[in-house]
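The values are calculated or read from the model by the stated rules, or taken from the named source; none is laboratory data. Just so we're clear, the structure is a prediction, and the values are computed from it rather than from any experiment. Positions of Cβ are backbone-derived with ideal geometry, glycine not excepted, and every protein chain shown enters the neighbour counts. Remember, those area values only see protein heavy atoms, side chains included, never the ligands or the DNA or RNA. Shrake-Rupley method; radii C 1.70, N 1.55, O 1.52, S 1.80 Å.
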Amino acid sequence: MPVPGELVFEAPRRGKPPAHLLDLAPEERRTALLELGLPAFRADQVSRHVLGRHEDDPSAWTDLPADARELVADRLLPRLLTPVRSIDCDSGTTVKTVWRLHDGALVESVLMRYPDRVTMCISSQAGCGMNCPFCATGQGGLTRNLSTAEIVEQVLAGARALDRGEVPGGPGRVSNIVFMGMGEPLANYRAVVGAVRRLVEPVPAGMGISARGVTVSTVGLVPRIRDLAAEGPPVTLAVSLHAPDDELRDSLVPVNTRWNVSEVLDAAWAYGEATRRRVSIEYALIKDINDQAWRAELLADLLAGHLVHVNVIPLNPTPGSQWTASRPEDERTFVRILERRGIPVTVRDTRGREIDGACGQLAAIVD
Ligand code: SAH
């Protein structure tokens, strides 16, 4: 059992999810098909169906012989996610799904359709080891890391729902992906980088989603931010800062005791320079905790002159937390101070709040 207050970087070892096509890079898929006694070119055909057309029913892969379809589906496309429950709001355009994994672990993903885009918020771990006191996921501790395929399958499930016209607004495509569901993506670095590749590489290697539309959010694991900058792909980096001073951030984001505000921001700026991408700073406004005008000024001091964008998130309620969202006038003042200092800032909508699907509310509790 996790000790309260302890940070967990190493996920508990559990039975591995079954081998899956989506865990494999294109070359590895060809090898896997050869090992099944099939010609290597079948790997691209299958990948086109699965990643390009989101078609997981092998009977629809009519360019392959029937026995090859069955063999590949049986060995390389085991079902990884079983839907346990879906709930929606916003007239069906926000949908939260709870998934059961092969070993019974539960994760959640959220699909949000807007007039001009569809964003999926996906999980990278079952639970989370980062222990931020205002986040519901953090309160349950870390169960395990997800595999690359388990991460990508969340997006494919959303893509299939959109293809079938199940989300009001007609058939559509997933345009944006945020690694802002359960878990700390950079604590599951290899699987997350694999998933990003499957998402952004063109069909048949991947789904062909623009890297511009993908955001990886982190509490600030500095060495992994630097790895990501070196390795690409050039996704947007979001840093959950929540406080400009170490004294407060040590308690809001406990990993700050390992890598402090200035170390995290240095790594973020280096990431921005390497990718030429604007870094996002996440700042959940908590009444009388981190919403003072002087903290807005201090935040502006830290960010001024950098390629940055601030996402202010009104605190979403979580069970057992004594904290609440800031007063509207304090939120306005906070935002205005940043604007006056020339820092781009938006207040994030609270989509999904009524279905416990908003930031920090994902706990995968099925009653
Ligand atoms: N572990 C990563 C990915 C999760 S992203 C990270 O922390 O960045 C989820 C975002 O929602 C983070 O910015 C997180 O700090 C924020 N968040 C957590 N609890 C929240 C709450 N109760 N209200 C608003 N935002 C919250």
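Does THR137 satisfy the criteria of being within 22 Å of GLY320 (Cβ to Cβ), of a type in the set (Val, Ile, Thr) and in a helix (DSSP H, G or I)? Yes: the conditions hold for THR137. For segment 207-221, filtered to residues that are surrounded by 20 or more Cβ atoms within 10 Å (Cβ to Cβ) and more than 16 Å from the ligand (Cβ to nearest atom), the residue that is farthest from the chain's Cα centre (by Cα) is MET207.
May I ask you to list the residues in segment 181-206 that are outside any helix (DSSP H, G or I) and either of a type in the set (Ser, Thr, Tyr) or buried (at least 24 other Cβ atoms within 10 Å of the Cβ) (or both)?
Once the filter is applied, which keeps residues that are outside any helix (DSSP H, G or I) and either of a type in the set (Ser, Thr, Tyr) or buried (at least 24 other Cβ atoms within 10 Å of the Cβ) (or both), segment 181-206 yields GLY181, MET182, GLY183, GLU184.
I need the full set of residues from segment 319-345 which are at positive phi and either open to solvent by 80 Å² or more (accessible area, probe 1.4 Å) or modelled with pLDDT under 90 (or both), in order please. The one that is at positive phi and either open to solvent by 80 Å² or more (accessible area, probe 1.4 Å) or modelled with pLDDT under 90 (or both): GLY320.
None of LEU307, LEU299 is buried (at least 17 other Cβ atoms within 10 Å of the Cβ), of a type in the set (A, V, I, L, M, F, W, C), over 21 Å from the mean Cα position of the chain (by Cα) and more than 13 Å from the ligand (Cβ to nearest atom) except LEU299.
Can you spot a residue in segment 346-356 that is open to solvent by less than 10 Å² (accessible area, probe 1.4 Å) and under 28 Å from ALA211 (Cα atoms)? Scanning segment 346-356, I find at least one residue that is open to solvent by less than 10 Å² (accessible area, probe 1.4 Å) and under 28 Å from ALA211 (Cα atoms), so the answer is yes. Among the residues of segment 222-248, the ones that are in a helix (DSSP H, G or I), of a type in the set (Gly, Ala, Ser) and within 12 Å of the ligand (Cβ to nearest atom) come to 0 in all. Residue count for segment 174-195, restricted to those that are among the aliphatic types (A, V, I, L, M) and either within 10 Å of the chain's Cα centre (by Cα) or within 13 Å of the ligand (Cβ to nearest atom) (or both): 7.
Being outside any helix (DSSP H, G or I) and in contact with a Leu (Cβ under 8 Å, 6 or more places away or on another chain) is the filter here; which residues of segment 144-177 pass it?
LEU146, SER147, VAL167, PRO171, GLY172, ARG173, VAL174, ILE177 - these are the residues of segment 144-177 that are outside any helix (DSSP H, G or I) and in contact with a Leu (Cβ under 8 Å, 6 or more places away or on another chain).
Of everything listed in (1) among the basic types (Lys, Arg); (2) more than 16 Å from the ligand (Cβ to nearest atom); (3) in contact (Cβ under 8 Å) with a residue 12 or more places away in the chain, the single unmet condition for ARG348 is (2).
In the condition set (1) part of a loop (DSSP other than H, G, I, E, B); (2) open to solvent by 30 Å² or more (accessible area, probe 1.4 Å); (3) more than 14 Å from the ligand (Cβ to nearest atom), SER262 is compliant with all but (1).
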